[in-house]
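A.B. asks: This structure is in structure tokens; I'll ask about it shortly.
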Amino acid sequence: MLLTILINLISVFIFLYILWNKLKDDYSASMIFSAGFSVAISVVIANLVALWYLPEYWFWFSIIGVIVGMVYAIHKLKLSFYEFADSLVISLHPWLGLIFLDKFASSLNYISLLLVLQIVITGILYIIFDKSYKSFSWYRSGRIGFSGFAVLGIYFLIRTVIALTFSDMISFVGIKDAIISSSISFFMFLILFNLSRSKT
């Protein structure tokens, strides 16, 4: 338990640093950290609720926590939705990766390392996309958000495959997980398609 708390504390600091580094050119440090703490606190509360009532759904409660914290921060601080969402995606990668490593350490389920590998792959893809998305000829708008939504679409697509193959893995809830993940993946790609056509 103490190790889990320590890992989460370290993860929050990493999350806040990456978020600040991504947004520092457009927002003040106080706005960035306020937004970051809003998301972090929302995630923690959501996980506590999951721990008490539906521990097997902790991953999905975390997603809900991120969404609630993001919506609150955008509304309260008047942040750009696409820019903030894009920055959140890569900022949350280390946190999620460390959580899965902690889950693996406590369960010694080597198949669960697939989840860590998934985080590494999508994290690398984000970095690649972030450096080159404006040069994609089919992405006419060139608007920020491509990297985040593309990675989210890919992440949940991979998660769908893993859920169908290893339904008993940590953080998975059987066929329901595959249905939810595939639906989110489709929705992320739909947002990306609309974003590519938007000019403002």
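Each reported figure results from applying straightforward, stated rules to the coordinates on display, with no laboratory input. Treat the numbers as computed from the prediction; the structure is a model and nothing was measured. Quick reminder, even Gly has a Cβ in these numbers, built from the backbone with ideal geometry, and neighbours come from all protein chains shown.
A.B. asks: Ranking request for peptides 11-19, 49-57, 124-132: highest mean number of other beta-carbon atoms within 10 Å first, then the rest in descending order.
C.D. replies: The most tightly packed comes first, giving 11-19, 124-132, 49-57.
A.B. asks: Cα atoms only, the stretch 1-63: Rg and Dmax in Å?
C.D. replies: Gyration radius and largest Cα-Cα distance of the stretch 1-63: 13.5, 41 Å.
A.B. asks: So, one more: Using Cα pairs closer than 8 Å and at least 6 residues apart in sequence, work out the relative contact order for the stretch 2-197, in percent.
C.D. replies: For the stretch 2-197, the relative contact order is 20 percent.
A.B. asks: Separate question: Could you let me know the centre-to-centre spacing of the stretch 47-104 and the stretch 131-160, using Cα atoms, in angstrom?
C.D. replies: Comparing the Cα centres of the stretch 47-104 and the stretch 131-160, I get a distance of 19 Å.
A.B. asks: List the pairs from Lys78/Lys134; Lys22/Lys103; Lys24/Lys134; Lys134/Lys176 whose alpha-carbon separation is above 30 Å, in the order I gave them.
C.D. replies: Those over the limit are Lys134/Lys176.
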